[in-house]
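Here the structure is laid out as structure tokens; the discussion comes afterwards.
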Amino acid sequence: MDKPSSKLEQNIDRAGNLGVSVFHRLALFGIGAATAWAAGEKFVSLIIAGTVGIPDLLLLFIYLEIGAMVGIYFKTNHMPVRFLLYIAITALTRHLVEVLSYSPMNLWDLAVTGGTILVVSIAVVVIRYASAKFPSRHGDDPEIR
């Protein structure tokens, strides 16, 4: 990247970088707060209902993964793509359990949903292998990859 040629350009770059950083932090704080709110609301509704099902537990796991992803981004300034894939796997599993619990699913829908879970799971394995074989040059914590 070319270096700015004037003091004004340097100040504009610094201001832009600060603006992006502030936006990221505020957005992450908002996402984290909304996730905590949603998880708390769900937890209270489960206590009031006096019953918990597998879809409810899977939804709480989705909230947990979103919270972990936000926390990791705050600590490392990197977005762990694997966590998005874990959320997708959990959401697809929740969908599968929920649909099968309340209505019969045709075999094609079952196969497509199961196949999608398999494809996303393979993507996780590929990403884990690639991050171990070709580590990032950013000094990422190996526990986060």
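None of the figures in this text is laboratory data; all of them are computed from the coordinates on show. Predicted model, so just to flag it, every value in this text is computed and none were measured. Please note: Cβ atoms are built from the backbone with ideal geometry, for glycine as well, and neighbour counts cover all protein chains shown.
Things to note:
- With contributions of -39500 (n - 2.57) from each DSSP H run of at least four residues, the per-residue ellipticity at 222 nm computed over the chain stands at -28500 deg cm²/dmol.
- The GluC sites (Glu not before Pro) of the range 38-145 that DSSP puts in a loop, and whose beta carbon has at most 16 other beta carbons within 10 Å, are GLU143.
- In a simple Cβ point-charge model (Lys, Arg +1; Asp, Glu -1; nothing else charged), the chain has a dipole of about 440 debye relative to its Cα centre.
- Of all complete DSSP H helices in the chain, those with a Cα span along the helix axis of 24 Å or greater and a mean Kyte-Doolittle hydropathy of 1.0 or more are 54-76, 81-102, 107-133.
- When the chain is treated as a Gaussian network with alpha carbon springs shorter than 10 Å, the biggest mean-square fluctuation among PRO104, PRO135, PRO80 belongs to PRO104.
- Springs join every pair of Cα atoms under 10 Å in this Gaussian network model of the chain, and among ILE54, ILE117, ILE66 the largest mean-square fluctuation is at ILE54.
- Averaging 1/r across all pairs of distinct Cα atoms in the range 8-133 and inverting the result yields a Kirkwood radius of 17.2 Å.
- Here's the picture: charge each Lys and Arg Cβ at +1 and each Asp and Glu Cβ at -1 in the range 20-145, and of SER103, SER45, ILE127 the one pushed furthest to the positive end of that dipole is ILE127.
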